[in-house]
1. Restricting to the stretch 294-331, give me the number of residues that are within 21 Å of ASN397 (Cβ to Cβ) and part of a helix (DSSP H, G or I).
2. May I ask you to verify whether GLU266 is within 16 Å of ligand 1 (Cβ to nearest atom), assigned to a loop (DSSP other than H, G, I, E, B) and farther than 26 Å from ALA587 by Cβ?
3. State yes or no: is LYS257 within 16 Å of ligand 1 (Cβ to nearest atom), open to solvent by 70 Å² or more (accessible area, probe 1.4 Å) and either aromatic (Phe, Trp, Tyr) or assigned to a helix (DSSP H, G or I) (or both)?
4. In the stretch 206-225, which residue that is assigned to a helix (DSSP H, G or I) and polar (S, T, N, Q) is farthest from ALA154 (Cα to Cα)?
5. Quick check on the stretch 366-385: of everything there that is closer than 10 Å to LYS396 by Cβ and among the basic types (Lys, Arg), which residue is surrounded by the fewest Cβ atoms within 10 Å (Cβ to Cβ)?
6. Can you tell me which residue is modelled with the highest pLDDT among those in the stretch 35-70 that are open to solvent by 60 Å² or more (accessible area, probe 1.4 Å) and touching a Leu at 6+ places or on another chain (Cβ under 8 Å)?
7. Count, please, the residues in the stretch 310-325 that happen to be crowded, with 23+ Cβ neighbours inside 10 Å and within 15 Å of ligand 1 (Cβ to nearest atom).
Amino acid sequence: MKIELSTPIKEIPKIGPIYQKRLKKLGIKTVRDLLYHFPHRYEDFSNLKKIAQVKVGEKVSLQGKILEITNTQTWKKKMILTQAIVADNSGSIKIVWFNQPYLVNVLKKGNFISLSGKVTFDEYGLYLSNPAYEKISHSELDTSNLIHTGRLVAIYPETERLSSRWLRKIIQKILIKIENKLRDFIPGEIIKKFNLFPLKEALWQVHFPDSLNSAQKAKERFSFEELFLLQLYILRERLALKRERAVSIPLNLELVKNFINSLPFELTLAQKRSLFQILKDLEKPRPMNRLLEGDVGSGKTIVALIAALNVARAGYQIALMAPTEILARQHFKTSSYFLRNFQVKIGLLTREESLVFGEQKISQISRKKFLQKIKNGEIDFLIGTHALIQKEVEFKNLALVILDEQHRFGVEQRARLVKRQEQPFLPHLLSMTATPIPRTLALALYGDLDLSLLDQLPKGRKKVVTKIIPPEKRKLAYDFIREQVKAKNQVFVICPRIEKRENENLNLSEVKAVKEEYEKLSKVIFPDLKVAMLHGRMKAKEKEKIMKDFKEKKIDILVSTSVVEVGIDIPNATIIMIEGAERFGLAQLHQFRGRVGRGEKQSFCFLFTESSSKKTRQRLEALLTCENGFELAEKDLEMRGPGEIFGAKQWGLPDIAMESLKDVSLVEKARNSAKEILEKDPELKKYPLLRKKLAEFKKRVHLE
Ligand code: ADP
Ligand code: MG
């Protein structure tokens, strides 16, 4: 039959229903998926010896003829031994397999065989123990067709009962069938320029490498492949954006100055610089695409507010989208407060609420009226959650979109916000994030996206005392917390998960579910204190009430999921304790820590961990010495890889690409190649294969 990369696995005659099912569980549905299921390591069986040369303790490969093979039962351990004698022209050796009685049906007297395993000497005598084996057709020392022995052998992450042995065999069969039909979608000139393996060679070498070096080179080619597609994707989006029009918003300096003078604090230099960059961008008739990046508490919101003010007073609309309802509500309140004297009509839209601020007061109106007001332009500044990108929301003249706590592209979100609008221009886009993005990753993911940095905290912020709390110190920490509460301070408790999921195979013993933790703290540890909980599955109203009570100091201890991670502002909270700290990234822990230390008093961050691993400890210790979010993010990237940091696992990029995002030089190569190709041929007319591949890539990844 004809096999191509796109052929579904179920059409391969060699793969029966059981194996199809197992493959499917690994997400392997096509020939391509199977060939792109890479080994995670290689066993070195290339030490090929004559039988007479082998030494006890050595890992060797040898080849010979089976002189005899039989099963015997050991009465002592109730095990079945398969024993064979194998000989080459230098001598013979005993082979022993444990509990694989079926082998006598596969390996027969007189067969030639290749074996790889450890030479052992014990109560059974001198023998090769449990070796990997494969039949060979003829005489000795032929390694060219071997796949399981006598060479570097691929070991696959063994899951879903797919053995490496089975995978090697099927992959070899398919590769032989398909190799001459493989067409490489990476243009030949790029393959040549960077001395990459062409597709065919890369596939052979990744599964059946001649050396570790060429295995590495094969992997590099596949990393490049993904990065190259990613870069093409990003650059094409950007090119498309450059052709779009946006409204130019004149800078009203008078207004901006008045507003800044109305603030109860002075802007930091970094805030002023970033603000200026944004206002300048807004003046251009091309859509802005800017990322405002700044550590927790660096004051991103106010910068965005000033930009919004300038746009609103120029007669256009602004949409600010926050990841959670709590945060959207907080932004609504902050904005209503700061902009109270500046004639901006502000609306809040979440799944459950529609509120308007205008004429100095907040009022609740019906959703229908609310949507009408947006459409008429009676709301200048719309704040909300993902509710904003629903179909029914129509703007009159949306000119600026602000995405808070957004470390992804934003490009598609903007597209969804404006797609249905009648307006002939695209809104400007400002994304804000407190997750510091290491340079490498920023380059890989955002390309030359414009970046404004808030690398300075407002004056007077106090250093938060950070401590790692091992199990035996837990009680002491609780005592300390009690004292703090007696002194009228408040406490955040962060738990990593809401409740245990079924079939969860993570070690959840360390992870305290919010509910359990709440029960424990409220009933056992602090029955005399006021403990409350907050998590994502509660109703917006309930959450709101709890946040309000916490703000008004009616609650001492708030047990919560990581929802408090983003943006919440409670100056009287002086302690944050984080359960299962090892389960979070450093940058994220740093964000949690940013929830305290906002007032006058000394604040504390306690990292609880049950893990006794040295590596975990070392990682957490970085937080004790380092207060800079960027440095921590770099460390995270080094230690955990990009997938963990941004939840990028869900983007659909394969592991191999995630890993290679760390590799600056490869990212740069991919980037330059993509640029070169697009400069010559923006529509990829001369590269139909690449164009098709890119379309597939777009479907496969979801960077929003
Ligand atoms: P983030 O950058 O983490 O989003 P926010 O914008 O929420 O930070 O700001 C944190 C707090 O700092 C807010 O209460 C805000 O009003 C305040 N703030 C912002 N800029 C300054 C400044 N220049 N000086 C003092 N306080 C500021
Ligand atoms: Mg914020």
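The values are calculated or read from the model by the stated rules, or taken from the named source; none is laboratory data. Note that the coordinates shown come from a computational prediction; the quantities given were computed from them, not determined experimentally. Heads up, the Cβs are rebuilt from the backbone with ideal geometry, glycines too, and the neighbour counts pull from every protein chain shown. These area figures cover heavy atoms from the full protein model, side chains too; ligands, DNA and RNA do not enter into them. Shrake-Rupley method; radii C 1.70, N 1.55, O 1.52, S 1.80 Å.
1. We begin by selecting, within the stretch 294-331, every residue within 21 Å of ASN397 (Cβ to Cβ); these are 304-321.
Of the ones still in play, those that are also part of a helix (DSSP H, G or I) are 304-313.
Total meeting the criteria: 10.
2. Judged against the criteria, GLU266 is a match.
3. On the way: within 16 Å of ligand 1 (Cβ to nearest atom): yes; open to solvent by 70 Å² or more (accessible area, probe 1.4 Å): yes; either aromatic (Phe, Trp, Tyr) or assigned to a helix (DSSP H, G or I) (or both): yes.
So LYS257 passes the test.
4. As a first pass, look at the stretch 206-225 and keep what is assigned to a helix (DSSP H, G or I): 206-207, 212-225.
Next, only the ones that are polar (S, T, N, Q) stay: 213-214, 216, 223.
Details: ASN213: 14, SER214: 13, GLN216: 13, SER223: 18 Å.
If we take residues in the stretch 206-225 being assigned to a helix (DSSP H, G or I) and polar (S, T, N, Q), then SER223 is farthest from ALA154 (Cα to Cα).
5. LYS375
6. Kept after step one, since they are open to solvent by 60 Å² or more (accessible area, probe 1.4 Å), are these residues of the stretch 35-70: 40-41, 44, 46, 52-53, 55-56, 59, 65, 67-68, 70.
Narrowing further to those that are touching a Leu at 6+ places or on another chain (Cβ under 8 Å): 44, 46, 56.
Details: ASP44: 88, SER46: 83, VAL56: 92.
Applying the filter and picking the extreme gives VAL56.
7. Count: 3.
Residues are listed down the side, and each one gets a yes or a no for (1) out of contact with any Asp or Glu (no Cβ under 9 Å at 6 or more places or on another chain); (2) assigned by TED's automatic domain parsing to the domain that holds ALA52; (3) assigned to a strand (DSSP E or B):
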{"position": "SER116", "(1), (2), (3)": "no, yes, yes"}
{"position": "VAL119", "(1), (2), (3)": "no, yes, yes"}
{"position": "ALA132", "(1), (2), (3)": "no, yes, yes"}
{"position": "ILE170", "(1), (2), (3)": "yes, no, no"}
{"position": "LEU175", "(1), (2), (3)": "yes, no, no"}
{"position": "ILE178", "(1), (2), (3)": "no, no, no"}
{"position": "LYS200", "(1), (2), (3)": "no, no, no"}
